[in-house]
Structure formats: C-alpha cells, structure tokens
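To start, the structure itself, in structure tokens.
The values are calculated or read from the model by the stated rules, or taken from the named source; none is laboratory data. In this text the structure is predicted, and so the values were computed from the model without any measurement. FYI the Cβ positions are ideal-geometry reconstructions off the backbone, even for glycines, and counts take in every protein chain you see. Note: areas computed on protein heavy atoms with side chains; ligands, DNA, RNA excluded. Shrake-Rupley method; radii C 1.70, N 1.55, O 1.52, S 1.80 Å.
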Amino acid sequence: MPATPIIAPFPATRLRRLRRTPALRALTAERHVSTENLIWPIFVTEVAGGEGEIPSMPGVDRLTLDGAKRAAERAMNLGIPAICIFPHSDPDLKTEGCERAWDPENIGNRAIRAIKEVAPDLAVMTDIALDPYNINGHDGFVRDGIILNDETVEALVRMALAQAEAGADILGPSDMMDGRIGALRRALEQAGHKDVAILSYAAKYASSFYGPFRDAVGASGRLVGDKKTYQINPANRDEALRCVARDLAEGADMVMVKPGMPYLDICREVKDQFGAPTYAYQVSGEYAMMEGAIRAGWLKREVVMESLLSFRRAGCDGILTYYAPQVAEALAQR
Ligand SMILES: NCc1[nH]cc(CCC(=O)O)c1CC(=O)O
C-alpha cells in the first residue's frame with residue numbers, strides 16, 4: 001500500500017466503478033484462493049468399525065487405511081499439494097508412557113507409508129504430540145497433574161524420527177512444549193533426515209474451538225483438565241509473536257497460527273514481522289460452526305470461500321481446512 005493513498009474527491013473518484021461488472025471485479029481482485037493454498041487434514045482410524053462420519057463434524061469421516069489411500073488419490077487428482085494425517089488410535093493401546101507414539105507400526109506411520117505408495121508426489125504432513133496415544137488425552141507426559149516439558153520433548157523426538165522414517169515430508173509439532181523445534185531439528189540432521197520440513201504450530205492457542213477434533217480422535221472423554229499450561233492464552237498477541245520468533249530461530253521452516261478465523265490479527269502480524277511461509281489452521285470448531293449453520297439453512301455455502309479469502313487477505317500462504325477437497329472441486333469447475 002502506498003504511504004498516502006491517492007484519492008480524488010467525489011465525483012472524480014467513484015469506487016463503485018470497479019465493482020460494476022464481474023469482469024471488472026475479477027480484474028481488481030487483490031487476493032485469490034487456489035487449490036495450491038490448501039492442506040487437507042484427514043482422520044485415519046485403526047479401530048474396527050471406527051470409520052464413518054464424525055457427529056460434531058458433519059461431512060467429515062474417519063477413514064480406514066484404504067479410505068486414506070483413496071483420499072490421497074483424490075487430493076492428488078485435484079491438485080491439493082498436501083494432506084495431513086491425524087490418527088484415531090485404538091483406545092486399548094493408549095498408555096501413560098505413550099510408547100505407541102514412536103512405534104513404526106502405529107496407525108499414523110502406517111498411513112504415511114500407505115499414502116506414499118499411491119501418491120508419492122503428494123506432500124504428507126504429520127502431527128507431533130502425544131495426545132492420540134496418551135491415556136489422559138494430553139499432548140505431553142503427565143506426572144502428578146503436571147505436564148512434563150523436557151521428558152515430553154525427548155518422546156516427541158522419537159515420534160518425529162519414526163514419522164520421518166515412514167516417509168513424512170512435513171512434520172507438524174502441535175504440542176507447544178518449549179525447546180521442541182530445536183530438539184527435532186538437531187535429531188533430524190543427525191539421523192540424516194536433512195530435508196524433512198518442520199511446520200511448527202507456533203502460535204497455538206488454548207482454544208475451545210478444538211472440541212469436535214477431540215471427538216474425532218477419541219480424546220474428548222479422556223482429557224483430564226485443560227491445555228492452558230502449554231497452549232497460549234487467547235488474550236495474548238505479543239506472546240504469540242515471541243513463540244513464532246523462537247520457533248523460527250530453532251529451525252522451523254514454516255509456521256502456523258491456530259485456530260484461524262478468531263486469530264486473523266495474529267496471521268497478519270506474523271506474516272508482516274517474519275515473512276516466513278505462514279499457515280492458518282481453520283480448526284474443527286470453525287468447520288462445525290459453518291457447516292452446522294449451512295446445513296440448518298442459516299448461512300449459504302459461499303461463507304466457506306469467504307472464510308478462506310480472509311486468511312489470504314491476512315497474509316497466509318496456505319490454510320489447513322477440512323473443506324479442502326470440496327473447495328478444490330469447486331475451483332476445478334470454474
Ligand atoms: N495435538 C493435538 C491437536 N492437533 C490438532 C488439534 C486441533 C485441530 C482441530 O481442532 O481441527 C489438536 C487439538 C488439541 O490441541 O487439543
């Protein structure tokens with residue numbers, strides 16, 4: 001933007017001139033959403049009968065391993081560049097020690113390999129946090145009600161190495177422990193995974209908008225307490241910027257703001273201050289709000305594209321959204 005926008009007084013300036021026809025509006029559109037901007041989060045289950053629609057996320061299914069392969073093929077055919085895997089793990093195999101988190105045969109790692117088989121060019125992103133494998137639903141180890149930082153970071157490193165070994169392209173640490181990015185980056189270098197990217201959930205807030213996601217991965221009933229001792233207070237902006245600065249300094253390649261729509265100010269600020277590849281996560285609760293209202297007939301489906309444009313306007317390079325395949329299909333039909 002020029003420092004002083006030049007604007008002649010009315011009637012020389014009539015801003016409506018450029019809004020008059022679709023062609024003029026297209027010519028003057030400042031931002032676009034394209035398929036290349038999308039990352040598609042999917043839920044993969046290993047529980048027999050665990051597949052099917054997630055009640056609080058109508059239109060989103062938990063997938064079997066075969067379903068995940070089909071989703072990957074669909075993403076590839078649509079031109080969606082990346083898919084992000086969230087495991088719905090067997091509740092009987094969740095433990096306090098979270099050992100399954102770094103098991104090469106856990107459902108997340110099996111899904112990475114299965115997807116790479118059918119869609120080798122699709123970027124596969126993962127989630128790094130202990131919650132899918134933790135008996136108490138937290139992202140870190142719990143001792144006497146306290147979430148342990150340093151012990152958790154060691155486990156996250158093991159988890160990350162297993163994911164890199166399985167073929168992940170982008171690792172997504174979503175745990176909010178301190179020092180994890182540096183520890184992950186060092187371990188990846190040492191293990192020869194020099195080109196595995198880290199998309200840090202750098203500005204991740206302690207949000208109630210994650211509710212439907214916790215239903216989807218089967219963590220809702222388990223979570224003891226809340227995540228406020230590690231995720232950011234929604235009141236804070238400076239702290240989020242310090243988190244992003246810290247994660248970039250420790251070796252993150254890309255950064256994320258999460259949730260999305262209630263935190264657009266943070267997206268803009270992060271992009272302006274750091275100029276790094278910046279992503280927003282349009283989380284499960286945002287999906288549920290829009291989809292619920294659309295299905296009730298209270299909002300039109302156009303709100304989806306409008307919401308995605310808001311991220312582009314706020315400076316995001318891409319968006320993790322459950323709407324990715326739908327939006328890609330709509331864009332392909334234009
Ligand atoms: N590590 C957990 C994780 N990874 C992504 C999400 C939320 C995604 C969504 O709501 O769509 C969460 C939930 C949480 O922190 O409790």
Inset, instruction - Say whether the condition of being closer than 25 Å to A324 by Cα and in contact (Cβ under 8 Å) with a residue 12 or more places away in the chain is met by at least one residue in the range 10-28. - result: no
Inset, instruction - Just give me the residues in the range 288-307 being acidic (D, E) and under 18 Å from S56 (Cβ atoms), in sequence order. - result: E291
Legend entry - Scope the range 127-157; condition open to solvent by less than 10 Å² (accessible area, probe 1.4 Å) and among the acidic types (D, E); matching residues: D139
Legend entry - Scope the range 111-133; condition among the charged types (D, E, K, R) and either touching a Gly at 6+ places or on another chain (Cβ under 7 Å) or touching a residue at least 60 places away in the same chain (Cβ under 8 Å) (or both); matching residues: R113, K116, D127, D131
Legend entry - Near pairs, Cβ below 9 angstrom, 6+ apart or cross-chain, from the range 312-334 (of a type in the set (D, E, K, R)) to any residue that is away from the ligand (no atom under 16 Å from the Cβ) and part of a strand (DSSP E or B): D317/T278
Inset, instruction - Pick out the one residue from A160, A183 that is part of a helix (DSSP H, G or I), without any contact (Cβ under 8 Å) to a residue 60 or more places away in the chain, among the small types (G, A, S) and open to solvent by 10 Å² or more (accessible area, probe 1.4 Å). - result: A183
Inset, instruction - Take the range 260-280 and flag every residue that is within 21 Å of R301 (Cβ to Cβ) and within 10 Å of the chain's Cα centre (by Cα). - result: G260, A280
Legend entry - Enumeration of residues in the range 26-41 that are in contact with a helix residue (DSSP H, G or I) (Cβ under 6 Å, 6 or more places away or on another chain) and part of a helix (DSSP H, G or I): T35
Legend entry - Count of residues meeting criterion [within 18 Å of the chain's Cα centre (by Cα) and either modelled with pLDDT of 90 or more or more than 9 Å from the ligand (Cβ to nearest atom) (or both)] in the range 219-233: 4
Inset, instruction - Of the conditions (1) open to solvent by less than 20 Å² (accessible area, probe 1.4 Å); (2) within 16 Å of the ligand (Cβ to nearest atom), M289 clears all except one; give me its number. - result: (1)
